[in-house]
Amino acid sequence: MTVLEELRQSIEAGHPGETEKLVEEALAEKVDPICIVEEAMMPAMREMGERYKKQEADIPRILAAARCIRSGFVLLEQQDAAFEERNIGTVIVGTVEGDLHDVGKNLVALMFRSAGFRVIDLGVDISEKQFLKAVRENPDVQIVCISSLLSTALPEMEQVVKTLRRNDPEKKYKIMVGGGAVTRQLAEHMGADAYTENCVEAAEVAKTFIV
């Protein structure tokens with residue numbers, strides 16, 4: 001078994017200490033940091049996303065895997081300057097006003113960072129004015145990712161999408177939505193550019209928006 005295969009298994013098992021050890025081992029073997037992410041970390045998280053959809057893994061297991069990813073990612077940043085400096089695009093993420101849930105949003109932000117994006121995390125309970133302010137303060141933003149777990153916050157999400165659309169007639173950035181209360185049909189009705197069911201899919205779809 002290769003070090004990358006062992007790394008993938010340690011992430012899926014939720015063992016951050018072992019993950020760090022294996023990342024160090026991979027770096028010692030001169031494995032490219034990008035290769036570590038794309039051939040071990042991302043596949044492991046993708047697998048956990050599939051297990052969650054099939055109800056074979058619960059939120060604690062997903063979070064454990066995400067912690068492993070984060071531990072490994074921080075180590076890669078510390079050990080490899082080129083990895084730390086890479087920036088394939090800028091993403092703004094936030095949970096809409098009226099919703100204080102952050103687990104899904106945090107997972108998405110983590111996967112964006114692992115994929116090479118610069119992430120501006122606004123946090124939770126974010127109003128349309130705050131989203132708009134963040135976009136105006138970061139003219140290089142390419143994607144705005146809006147999250148909501150609560151159905152009661154869906155009207156606010158729709159308002160955020162409409163406000164961002166109204167203030168971006170040239171469509172300089174893409175709008176992605178997701179969360180437990182959102183469906184593909186709702187996303188299309190709101191006018192969002194994309195809807196994803198999990199954090200791994202979100203990062204992969206985001207990559208397709210980067211020219």
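The values are calculated or read from the model by the stated rules, or taken from the named source; none is laboratory data. These numbers come from a predicted model, not from an experiment. Here the Cβ positions follow ideal geometry from the backbone for every residue, glycine too, while neighbour counts run over all protein chains shown. Note: accessible area is taken over every heavy atom of the protein model, side chains too, but ligands, DNA and RNA are not part of it. Shrake-Rupley method; radii C 1.70, N 1.55, O 1.52, S 1.80 Å.
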Rounded if a/c under 1.5, otherwise prolate or oblate - region 43-124, Cα gyration tensor axes: oblate
Length-normalised contact order for region 1-44 - Cα pairs under 8 Å, 6+ apart - percent: 52
Heavy-atom accessible surface of the chain: percent carbon and sulfur, 1.4 Å: 48
Candidates Ser114, Ser71, Ser148: whichever shows maximal mean-square fluctuation once the chain is modelled as a Gaussian network with Cα springs under 10 Å: Ser71
Rg and Dmax [Cα atoms of region 117-183; Å; Rg one decimal, Dmax integer]: 11.5, 31
Contact order relative to length of region 69-211, as percent, for alpha carbon pairs under 8 angstrom and 6 or more apart: 24
Where labels lie 7 Å past Cα in the beta-carbon direction, separation of Ile34 and Ile210 in nm: 1.0
Normalised convex hull volume, region 25-67, alpha-carbon set, Å³ per residue: 65
Region 1-125, relative contact order in percent, only Cα pairs under 8 angstrom and at least six apart counted: 25
Arg67 versus Asp168: modelled label distance in nm, points set 7 Å from Cα along the beta carbon direction: 3.4
Cα-based helix-to-principal-axis angle, 128-137 vs the chain, degrees rounded to 10: 60
Cα coordinate range in the chain, projected on the principal axes (Å, largest first): 51, 37, 24
Debye-sum result for region 98-144 in log10 I(q)/I(0), which assumes one identical scatterer on each alpha carbon, at q = 0.14, 0.16, 0.23 Å⁻¹: -0.36, -0.48, -0.93
Residue pairs, from the table Lys54/Lys207; Lys105/Lys162; Lys21/Lys129; Lys21/Lys207; Lys54/Lys105; Lys30/Lys174, whose Cα atoms sit over 32 Å apart: Lys21/Lys129; Lys30/Lys174
